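A short write-up of the structure that comes next.
The values are calculated or read from the model by the stated rules, or taken from the named source; none is laboratory data. Bear in mind that the values here come from a model prediction, so they are computed numbers and not experimental data. Here the Cβ positions follow ideal geometry from the backbone for every residue, glycine too, while neighbour counts run over all protein chains shown.
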Ligand code: NAP
Ligand code: GCO
């Protein structure tokens, strides 16, 4: 029987006070792991700790900006001292800016790349030395449909998430021999605060046109929930995936497999 247990493992999930990161971290705790997370400010960290406690989970929360290398290095050192060496890292923290490309400033573009691509580089770089020393480690990068597809208004996000897919393959290539597995999860359209503007009801109570578009594009005919990502995350964090490396597991209700509804 494959070993899906995370008993005795320490998992750091970035940006995990709520949303997808929170759901995955909760799943890790249920599989036996100790949960550590960071977020961008104290208010979010406090909110996260309380939300985990409500689920019966003692989580360790830290304020840390994933784009700040000094802060990340100090936080990882503090986690190693206070909790232990990180076995599992999930690069989940991310933002999106929906702005037509010709209206987007270079500063806005850079900010998305900084959080969504440089962040995973900085945090992975901080945890890899201890992982290689320990002789094992799991890194899971949260990619996107936009690691494969484009759409209007998300040029920076697509560039970052496409880059994150290649960073995933490169970490696998460079550190695979040290028993490090680096894989991605590519969520489809998931109902979280990040996508709330795309699901807002219209003034007349009808569904947002983008909401209808996503339902039509998804063979499962629904938005995903953060909970849909838990099984894939536990698999990629556990020994059950020890020979899976550099792979992006798309959890999208079938979007990438589908040409779209045929005309009636
Ligand atoms: P979310 O609700 O916006 O959560 C992301 C978390 O990251 C938030 O707590 C956010 O804090 C935090 N964060 C932002 N910048 C940070 C920084 N510099 N340092 C540390 N933390 C930071 O997003 P989500 O929908 O759960 O998405 C989580 C991940 O999945 C993201 O990488 C996203 O791109 C990806 N994803 C989402 C979907 C979807 O449909 N929702 C689909 C595919 C991929 P603030 O609240 O202050 O921003
Ligand atoms: C958008 C969405 C997406 C999703 C997700 C898809 O505006 O198109 O926010 O980018 O959040 O990343 O996988």
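Details
- Number of the exception - residue 162 against (1) more than 16 Å from the chain's Cα centre (by Cα); (2) closer than 24 Å to residue 210 by Cβ; (3) away from ligand 1 (no atom under 12 Å from the Cβ): (1)
- Looking across segment 23-39, the residues that are in contact with a helix residue (DSSP H, G or I) (Cβ under 7 Å, 6 or more places away or on another chain) and either assigned to a strand (DSSP E or B) or buried (at least 24 other Cβ atoms within 10 Å of the Cβ) (or both) come down to 24, 28, 35, 36, 37, 38, 39.
Every residue, every condition in (1) surrounded by fewer than 17 Cβ atoms within 10 Å (Cβ to Cβ); (2) touching a helix residue (DSSP H, G or I) at 6+ places or on another chain (Cβ under 9 Å); (3) modelled with pLDDT of 95 or more; (4) on the phi > 0 side of the Ramachandran plot, yes or no:
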site: 112; (1), (2), (3), (4): no, yes, yes, no
site: 117; (1), (2), (3), (4): no, yes, yes, no
site: 139; (1), (2), (3), (4): no, yes, yes, no
site: 153; (1), (2), (3), (4): yes, yes, yes, yes
site: 170; (1), (2), (3), (4): yes, no, yes, no
site: 177; (1), (2), (3), (4): yes, no, yes, no
site: 185; (1), (2), (3), (4): no, yes, yes, no
site: 188; (1), (2), (3), (4): no, yes, yes, no
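- The residues listed here are 240, 233; of these, the one that is in contact with a strand residue (DSSP E or B) (Cβ under 8 Å, 6 or more places away or on another chain), part of a helix (DSSP H, G or I) and in contact (Cβ under 8 Å) with a residue 40 or more places away in the chain is 233.
- Of all the listed residues (220, 240), the sole one being away from ligand 2 (no atom under 16 Å from the Cβ) and surrounded by fewer than 18 Cβ atoms within 10 Å (Cβ to Cβ) is 240.
- Within segment 214-237, considering residues that are more than 15 Å from residue 27 (Cβ to Cβ) and touching a helix residue (DSSP H, G or I) at 6+ places or on another chain (Cβ under 9 Å), the one nearest to ligand 1 (Cβ to nearest atom): 223
- Filter result for the condition that a residue is within 15 Å of ligand 1 (Cβ to nearest atom) and either free of Cβ contacts under 8 Å to residues at least 24 places away in the same chain or in a loop (DSSP other than H, G, I, E, B) (or both), over 81, 97, 58: 97
- Residue 149 being within 14 Å of ligand 2 (Cβ to nearest atom), in contact (Cβ under 8 Å) with a residue 40 or more places away in the chain, part of a loop (DSSP other than H, G, I, E, B) and in contact with a helix residue (DSSP H, G or I) (Cβ under 8 Å, 6 or more places away or on another chain): yes
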